[in-house]
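Q: Before anything else, here's the structure in question.
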Amino acid sequence: MLPPIEAFSGEEHQPFTLTGGKPAALFVHGFPGTPNDLRALAESLNGDGWTTHNLLLPGFGRDIEQMPKYTFKHWLAAVVSHLNDLKQRHSPVMLVGHSMGGALSINAAAVTGVDALVLLAPFHKINHVLWSALPVVQTVIPQVKPFKLFKPDFNDPAFRDGVNKFMPGFNFDDPQQQAAVRELVIPVRVFGQVRAAGAAAYANAPKISAPTVVIQGRQDPLVTIENTRRLAARLGGASKWVEVDGVHEINRADHASWPAVREAVLAFAASVLTGKG
């Protein structure tokens, strides 16, 4: 039996609001992230007078073990609900999404309008034949055992560090716990929901009329620059393209590209306030 996943149990992973002025921004994290992923950017915008709210998607954070119970529609409904709530009390309202959160932001903006969009490495697909086949694969193979495919090395310091972050109570010398890791099951349906979010974002992009800035890392191995260019080209409103040197985690303050990302977002937010976004 494995110890509980505790990687996201801390208070820093809970939703939070930083009170500011009339303009507000809603932050949408990616997969399998939490509000903490976009904290630095929320604090930066708040410093410029924005009220910032970082939501926690259903089935994430402390509830990550319950994720298979939720679908793309649950995630989208949560974003739309928070967005509509902010729109009742604030203006302008801007959506900020990273990775899958970018996909959800596009979909939410297509459902209920926003004044502006910030898309950080917005996800819409992965370049792999299995990704395209997921709708069929998940009906044939409903679950996978990843550590049957990728043999875990329990003596590898990097592997131990990764496991410790998720399950601090894991005993690497216990044969039963080692066996439990090898038998760990992940429902393919979870990835199918991520795929659904990305596919919907690509379809809904032409419906977006709000000014948008798209910020992309040149070396991103997950959300590739080519795929993001295709998605950005489909956006219906005026958009600005910003490239930075970096991989996927351009939202993090400890990333080398952070100063450029922060500057681009703050400049775009300022243009939204002056009506020049």
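The values are calculated or read from the model by the stated rules, or taken from the named source; none is laboratory data. Since this is a predicted model, take the numbers as computed values, not measurements. Glycine gets a Cβ as well: all are built from the backbone with ideal geometry, and neighbour counts include every protein chain shown.
Q: Return the residues of the stretch 87-112 that are in contact with a Ser or Thr (Cβ under 8 Å, 6 or more places away or on another chain), more than 24 Å from Thr228 (Cα to Cα) and of a type outside the set (D, E, K, R); say none if nothing qualifies.
A: Keep residues of the stretch 87-112 that are in contact with a Ser or Thr (Cβ under 8 Å, 6 or more places away or on another chain), which gives 87, 90, 95-97.
In the following step, the residues that additionally are more than 24 Å from Thr228 (Cα to Cα) were identified as 87, 90.
The one that is in contact with a Ser or Thr (Cβ under 8 Å, 6 or more places away or on another chain), more than 24 Å from Thr228 (Cα to Cα) and of a type outside the set (D, E, K, R): His90.
Q: Name the residue, out of Ser239, Ser257, that is without any contact (Cβ under 8 Å) to a residue 60 or more places away in the chain, within 14 Å of Val213 (Cα to Cα) and in contact with a strand residue (DSSP E or B) (Cβ under 6 Å, 6 or more places away or on another chain). Lay out the reasoning, then the answer.
A: Numbers: Ser257 fails: within 14 Å of Val213 (Cα to Cα).
Matching residue, one of Ser239, Ser257: Ser239.
Q: Regarding Thr34, is this residue surrounded by 19 or more Cβ atoms within 10 Å (Cβ to Cβ), at pLDDT below 95 and touching a helix residue (DSSP H, G or I) at 6+ places or on another chain (Cβ under 8 Å)? Full working, then the answer.
A: Working: surrounded by 19 or more Cβ atoms within 10 Å (Cβ to Cβ): yes; at pLDDT below 95: yes; touching a helix residue (DSSP H, G or I) at 6+ places or on another chain (Cβ under 8 Å): yes.
Taking the combined requirement at face value, the residue satisfies it.
Q: So, one more: Across the stretch 81-107, which residue is nearest to the chain's Cα centre (by Cα) among those that are assigned to a helix (DSSP H, G or I) and surrounded by fewer than 17 Cβ atoms within 10 Å (Cβ to Cβ)?
A: Residues of the stretch 81-107 assigned to a helix (DSSP H, G or I): 81-89, 100-107.
Those still in the list that are surrounded by fewer than 17 Cβ atoms within 10 Å (Cβ to Cβ) too: 81, 84-85, 88-89.
Working: Ser81: 17, Asn84: 20, Asp85: 21, Gln88: 25, Arg89: 25 Å.
Per the stated criteria, the residue is Ser81.
Q: A further question on this structure: Are any of the residues in the stretch 195-214 among the hydroxyl-bearing types (Ser, Thr, Tyr), part of a loop (DSSP other than H, G, I, E, B), surrounded by fewer than 17 Cβ atoms within 10 Å (Cβ to Cβ) and in the same structural domain as His248 (by TED's automatic domain parsing)?
A: First, the residues of the stretch 195-214 that are among the hydroxyl-bearing types (Ser, Thr, Tyr): 202, 209, 212.
Okay, now just the ones that are also part of a loop (DSSP other than H, G, I, E, B), so 209.
Next cut, surrounded by fewer than 17 Cβ atoms within 10 Å (Cβ to Cβ) only: 209.
The next check asks that each one be in the same structural domain as His248 (by TED's automatic domain parsing); those that pass are 209.
The answer is yes, given that some residue of the stretch 195-214 is among the hydroxyl-bearing types (Ser, Thr, Tyr), part of a loop (DSSP other than H, G, I, E, B), surrounded by fewer than 17 Cβ atoms within 10 Å (Cβ to Cβ) and in the same structural domain as His248 (by TED's automatic domain parsing).
Q: Which members of the stretch 220-235 meet the condition of being surrounded by 14 or more Cβ atoms within 10 Å (Cβ to Cβ), at pLDDT below 95 and not β-branched (Val, Ile, Thr)?
A: Asp220, Leu222
Q: Arg262: at pLDDT 90 or above and closer than 27 Å to His90 by Cα, yes or no?
A: Working: at pLDDT 90 or above: yes; closer than 27 Å to His90 by Cα: yes.
It is true that Arg262 is at pLDDT 90 or above and closer than 27 Å to His90 by Cα.
Q: Could you list all residues from the stretch 204-242 that are within 23 Å of Ser271 (Cα to Cα) and of a type in the set (Lys, Arg)?
A: Lys207, Arg229, Arg234, Lys240
Q: So, in the stretch 41-59, exactly how many residues are touching a residue at least 24 places away in the same chain (Cβ under 8 Å) and touching a helix residue (DSSP H, G or I) at 6+ places or on another chain (Cβ under 7 Å)? Write out each step before concluding.
A: Quick first cut of the stretch 41-59, residues touching a residue at least 24 places away in the same chain (Cβ under 8 Å) only: 41-46, 48-57.
Of the ones still in play, those that are also touching a helix residue (DSSP H, G or I) at 6+ places or on another chain (Cβ under 7 Å) are 41, 44-45, 48, 50, 52-57.
Count: 11.
Q: Could you pull out the residue among Phe191, Phe159, Phe172 that is among the aromatic types (Phe, Trp, Tyr), under 26 Å from Val247 (Cα atoms) and modelled with pLDDT of 70 or more? Walk me through how you get there before you give the answer.
A: Values: Phe159 fails: modelled with pLDDT of 70 or more; Phe172 fails: under 26 Å from Val247 (Cα atoms).
Going through Phe191, Phe159, Phe172 in turn, the sole match is Phe191.
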